[in-house]
């Protein structure tokens, strides 16, 4: 199911601590690999994040202005 | 265009696609697609492109307490060029 | 055997659709009762403040039948309705029914205890109850149900716990309750159309703004500060900034992550959601009493999972109303809850859109595979169907009332038991179930440490502060309508 099997021998891998890191270790053959692997930052991630924030800021300002003029002004 | 739909599983090591007697696997989805191409090429010699749908067997792969939160995991559609 | 996915796939096999079917059935029953003035809904058991325990519950329409009869009839009818859904979804119905019966009984007990006059009656009810004081703990019954559930979820033998989980379906029950809430909003909107529409529009605007700010910030912090890989960061960012478990699963599916990723993140979300639903309403009623609607909306933006958000909204509604009543202000019940639900519902609807965006980025860029296409139908497949029930209920009732097709008093007659007694009871079932499925020991699971720290940091530093600001920006000054006590 949502468990990891060893790519080496197919046995169940368990999550253990090695130094400061959480790793997956095979209970049979000892094969190890990090639970959460490090991946370097990709330029595409930068674009996704940047443009989402830009859109978010622009829409926050625009929508806040619309809501204030049409709705909130009636409650102040 | 011919369309085939597979149930998809992950056994912790590799992805497995099943449709009745057709069973194909691969450690990555890319490898799975390549293996599918080879298998389907043998079976459907006259077809140039086949549309392959694969739905991950949600109830096998995800604990039952999580099913109520979302109706399915993923459904992929791949157009395999067989020539 | 796998079948090609269609637009109607899952219509009779998922909790989401069954929340729609069951909720809409009862709303429809209420409308028929309103149109014909035949009492089809007054049997629903309703619980109220009591000092004499024999008066702790009874039919929603007093005098229709004895209290015990209304409880039994409610049990039978709700059991049949949910069992039909369970059967259609392929559950083990026998085990479901046994566990459901236990949950029903425990919820009833919690409701009775929580409604004890000296515990929760607001001051405007003291005279009627013949008392001169009470602790005025609004929503005490919700907390008692939650505690009972948590005791089972954390201390019961694992066999019993697993047995109970067969019917502990907080998301299903709350979705049914939310469809009933749509009926409530429909009735309220007839009297206060302007305010209801304002809440709707302000809610969608707040959600869009918050969503587009939460996700990229949560993702960046997960990647850069906590060094999570893309699949972990994307799922965590969605789970914590959008809508909890459903967003984590939708994102994991969209980016083709290993199932272990959403499963681990979801077990964290469920635990943190309980902390939020207990802590945030108490903080908000103390610090933000002067902005009740903004406070409610902030819950929709910050509390993850529909169940926990609705639960928190219900508690906040009761706490705020109790506090206001003690000051002589009588806010209409349900509007603060509605503001919490409104933002959450809009967020639910955007899950599909964002999952589609991420699928496009991942499939066409990060994990590019020749020939793979992302289907636009993903947006519909991931769309929360119970929300359709909510809006159908709301607009159908509004339309019938504002169009003078059925008189307002008639609509109240038929629908008040649904939007009142039934909704409250399904909220109570949600609280009990949330407790049962929440195991705090999940926090001690191997591998969860880094994720838990990342989650807590992002929640405290990004989600809650920005959520509160956005809720204030789009709702400040809005106050719930008042009623004559």
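The values are calculated or read from the model by the stated rules, or taken from the named source; none is laboratory data. Everything numeric in this text was worked out from a predicted model, so none of it was measured. For neighbour counting, all protein chains shown are included, and Cβ atoms are generated from backbone atoms with ideal geometry for every residue, glycine included.
If the requirement is being part of a loop (DSSP other than H, G, I, E, B) and buried (at least 24 other Cβ atoms within 10 Å of the Cβ), which of these qualifies: C:177, C:145, C:168?
Exactly one of C:177, C:145, C:168 is part of a loop (DSSP other than H, G, I, E, B) and buried (at least 24 other Cβ atoms within 10 Å of the Cβ), namely C:168.
Just checking: which of the helices (runs of 4 or more DSSP H) contained wholly in chain B hold 1 or more residues that are crowded, with 16+ Cβ neighbours inside 10 Å and in contact with a helix residue (DSSP H, G or I) (Cβ under 9 Å, 6 or more places away or on another chain)?
Because the criterion is at least 1 residues that are crowded, with 16+ Cβ neighbours inside 10 Å and in contact with a helix residue (DSSP H, G or I) (Cβ under 9 Å, 6 or more places away or on another chain), the helices (runs of 4 or more DSSP H) in chain B that meet it are B:58-61, B:64-67.
Assuming residue B:28 fulfils every condition listed in (1) at pLDDT below 90; (2) in contact with a strand residue (DSSP E or B) (Cβ under 8 Å, 6 or more places away or on another chain); (3) away from chain A (no Cβ under 14 Å) apart from one, which condition is it?
Of the numbered conditions (1) at pLDDT below 90; (2) in contact with a strand residue (DSSP E or B) (Cβ under 8 Å, 6 or more places away or on another chain); (3) away from chain A (no Cβ under 14 Å), the odd one out for residue B:28 is (3).
Which one of C:147, C:176 is under 21 Å from residue C:420 (Cα atoms) and either under 17 Å from the mean Cα position of the chain (by Cα) or touching a residue at least 40 places away in the same chain (Cβ under 8 Å) (or both)? Show your work before the answer.
On the way: C:147 fails: under 21 Å from residue C:420 (Cα atoms).
So the residue among C:147, C:176 that is under 21 Å from residue C:420 (Cα atoms) and either under 17 Å from the mean Cα position of the chain (by Cα) or touching a residue at least 40 places away in the same chain (Cβ under 8 Å) (or both) is C:176.
Of the conditions (1) part of a loop (DSSP other than H, G, I, E, B); (2) buried (at least 17 other Cβ atoms within 10 Å of the Cβ); (3) more than 23 Å from the chain's Cα centre (by Cα), residue C:133 satisfies every one except a single condition; which number is it?
All conditions pass for residue C:133, except number (2).
When you go through A:61, A:71 one by one, which is the residue that is more than 13 Å from chain B (Cβ to nearest Cβ), modelled with pLDDT of 95 or more and either out of contact with any helix residue (DSSP H, G or I) (no Cβ under 6 Å at 6 or more places or on another chain) or surrounded by 14 or more Cβ atoms within 10 Å (Cβ to Cβ) (or both)?
That would be A:61, the only listed residue that is more than 13 Å from chain B (Cβ to nearest Cβ), modelled with pLDDT of 95 or more and either out of contact with any helix residue (DSSP H, G or I) (no Cβ under 6 Å at 6 or more places or on another chain) or surrounded by 14 or more Cβ atoms within 10 Å (Cβ to Cβ) (or both).
Just to be sure before I move on: is residue C:382 crowded, with 17+ Cβ neighbours inside 10 Å and modelled with pLDDT under 90 in the structure I sent?
For residue C:382, the condition - crowded, with 17+ Cβ neighbours inside 10 Å and modelled with pLDDT under 90 - is met.
Out of the residues in the stretch C:48-59 that are surrounded by fewer than 21 Cβ atoms within 10 Å (Cβ to Cβ) and in contact with a strand residue (DSSP E or B) (Cβ under 7 Å, 6 or more places away or on another chain), which is farthest from residue C:416 (Cα to Cα)?
That would be C:50.
Going through the stretch C:1-44 one residue at a time, which ones are more than 14 Å from chain B (Cβ to nearest Cβ), surrounded by fewer than 23 Cβ atoms within 10 Å (Cβ to Cβ) and either at pLDDT below 95 or in a loop (DSSP other than H, G, I, E, B) (or both)?
Within the stretch C:1-44, C:37, C:38, C:39, C:40, C:42, C:43 qualify.
If residue C:227 satisfies every condition in (1) at pLDDT below 95; (2) in a helix (DSSP H, G or I); (3) within 10 Å of chain A (Cβ to nearest Cβ) but one, which is the exception?
Of everything listed in (1) at pLDDT below 95; (2) in a helix (DSSP H, G or I); (3) within 10 Å of chain A (Cβ to nearest Cβ), residue C:227 misses just condition (2).
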